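The next block holds one structure in the form of structure tokens; read it before the comments.
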2 protein chains.
Amino acid sequence: MIKLYGFAVSNYYNMVKLTLEEKGLAYTEVAAMPSQEQSYKSQSPMGKVPCIETDEGFLSETAAILEYLEERQPTPAMLPANLFARAKTREIMRIIELYIELAARRHFRHIFFGEALNEAALAEVRPVIESAIAALKQIVKPGPFLCGSQMTFADVYACHSFPYANAVTTKLYGWDIIAAVPGLKDAMAAVAARPAARKVDADQQAALAAFMAQNSGG
Amino acid sequence: MIKLYGFAVSNYYNMVKLTLEEKGLAYTEVAAMPSQEQSYKSQSPMGKVPCIETDEGFLSETAAILEYLEERQPTPAMLPANLFARAKTREIMRIIELYIELAARRHFRHIFFGEALNEAALAEVRPVIESAIAALKQIVKPGPFLCGSQMTFADVYACHSFPYANAVTTKLYGWDIIAAVPGLKDAMAAVAARPAARKVDADQQAALAAFMAQNSGG
């Protein structure tokens, strides 16, 4: 039995949870927040969410966790069978993570928590995301999922990165980056219609509502 | 036959090259610099170095390339056989890349090219690297390589990330991060003694000398 540590507002947590659900792996959820306390870092060494606990020990870093789950429970596969197609899927995962998610993340505190705008990031982030969107337009092969007829980790990353990143680009740059990639909106809808995603998304909405209530004034 | 695009000063290029050499895969090197020109981005969609060309097409993003090479030529293996040990190796790869390399990289232009110090980064980078070093101390199992008796991708990342990052931390923070991780220096020496690494490192030194000569005043 796998234990999943984190909270359902975290998009990385939800990537792992969606994968567990898609694969039908048994797991339990354990509430945890990112923490620099040594007690938590003994499980997740950077103090980040999520981490998982297996019979052999703890594991952190979403990309490492996803590959572990794929190897532990190969079916249903979240990577294509063909070696080159697998590699292109991982290339898309990396582009979404490094150049969409991490770039947009520099504005998350402003967009989602009302902190001051990071003026330096305003100019720096846009060209990175522009390059990433052009890259995705070039290499995704929608039909209906990002890498074809099979749902893959590329879709897992997309579904849990683009909504937040798009909130940033829409507000700061007047730019809908989901509409900018042909097939992306349909791929996200195809994932969202699946039972696994419906469960993850419902839990996320409930957690988000609770989180906002807890963190709002009043 | 694989074509490897890039230049031997790039540490990511050298991670791929070291893997090709270790695995005894046939490859040719094609000189390329990072570029936002469409002609290069048609091969490497973010314009980055390295990318490789296979019979099935181009592939970029070092982490995706390394996994592809491992699947294409499984022996000698650069990941452990045990699933959990594979996952811990990938966790170490990610920690080195995201929290050592990418953090220190914010100072590369200052340290290696004489540009002005980024004062904001000075304060932001150190705690990230401190956390990463503490994480590595916790999870590496040296003997003599970072994950035990077998050379893995964790060593590949370490050998081509730590020398540059350590130049940054030594100069800016008076802190030797290689000495800070027990076993790391020995693991790096164990890799450096191998024929594959000797070739990569010799080519890197020659390229670095040519690069410095070309970019120095006259």
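Derivation of every value follows stated rules applied to the coordinates shown; laboratory data play no part. Note that the structure is predicted; figures quoted are calculated from it, not measured. Note that each Cβ is placed from the backbone with ideal geometry, even for glycine, and that neighbours are counted across all protein chains shown.
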Query raised in the report: For chain B, modelled as a GNM with alpha-carbon contacts under 10 angstrom, which of B:Asn166, B:Asn14, B:Asn82 fluctuates the most?
Result: B:Asn82
Query raised in the report: Add -39500 (n - 2.57) for each DSSP H run of 4 or more in chain B, then divide by its residues: what number comes out at 222 nm, to the nearest 500 deg cm²/dmol?
Result: -17500 deg cm²/dmol
Report summary line: Taking r as the C-beta separation of B:Phe84 and B:Arg106 and R0 as 35 Å, the FRET efficiency to the nearest 0.05 is 0.60
Requested in this report: Pull out the extension gain between A:Ser39 and A:Arg126, defined as 0.36 nm times the separation in residues minus the alpha carbon to alpha carbon distance; nm, one decimal.
Outcome: 27.5 nm
Query raised in the report: In whole Å, what three semi-axes, largest first, describe the equivalent ellipsoid of chain A built from its Cα gyration tensor (square root of 5 times each eigenvalue)?
Result: 25, 24, 16
Query - Calculated SAXS-style log₁₀ I(q)/I(0) at q = 0.10 Å⁻¹ - the protein assembly as shown, Debye, Cα scatterers - result: -0.71
Query raised in the report: Which entries of A:Lys17/B:Lys48; A:Lys3/B:Lys48; B:Lys17/B:Lys88; B:Lys23/B:Lys171 show an alpha-carbon separation above 28 angstrom in the structure shown?
Result: A:Lys17/B:Lys48; A:Lys3/B:Lys48; B:Lys23/B:Lys171
**Report entry** Listed residue (B:Ala116, B:Met188, B:Leu83) projecting farthest to the positive dipole end of region B:83-192, Cβ model
**Finding:** B:Leu83
Requested in this report: About the Cα centre of region B:70-134, how large is the charge dipole given +1 on each Lys and Arg Cβ and -1 on each Asp and Glu Cβ? Please answer in debye to the nearest 20.
Outcome: 180 debye
Query raised in the report: Going by the alpha-carbon gyration tensor, a ≥ b ≥ c the square roots of its eigenvalues, is region B:83-192 rounded (a/c under 1.5) or, if a/c is not under 1.5, prolate (a/b greater than b/c) versus oblate?
Result: prolate
Query raised in the report: Expressed as a rounded percentage, what relative contact order does region B:83-192 have, with Cα pairs under 8 Å and six or more residues apart?
Result: 32 percent
Query - Positive-end residue, region A:1-70 charge dipole about Cα centroid, Cβ charges, pick of A:Met33, A:Gln43, A:Asn11 - result: A:Met33
Query raised in the report: Rounded to a whole number, what is D in µm²/s for region A:73-136 from Stokes-Einstein with the Kirkwood radius over alpha-carbon pairs (10 °C, 1.306 mPa s)?
Result: 117 µm²/s
Query raised in the report: Which residue, B:Glu119, B:Glu91, B:Glu61, tops the fluctuation ranking in a GNM of chain B built on C-alpha contacts under 10 Å?
Result: B:Glu119
Query raised in the report: Dipole of the protein assembly as shown, Cα-centred, from +1 at each Lys and Arg C-beta and -1 at each Asp and Glu C-beta, to the nearest 20 debye?
Result: 40 debye
Query raised in the report: Given just the C-alpha atoms of region A:2-76, how large is their convex hull per residue in cubic angstrom?
Result: 78 Å³
Query - Total charge dipole magnitude, region A:83-192, about the Cα centre, Cβ charges on Lys, Arg, Asp, Glu only, Debye to nearest 20 - result: 240 debye
Query raised in the report: How high is the relative contact order of chain A, given as a whole-number percent (alpha carbon pairs under 8 Å, six or more residues apart)?
Result: 21 percent
Query raised in the report: If you count the DSSP beta bridges with both ends in chain B, what percent of them are antiparallel, to the nearest 5?
Result: 60 percent
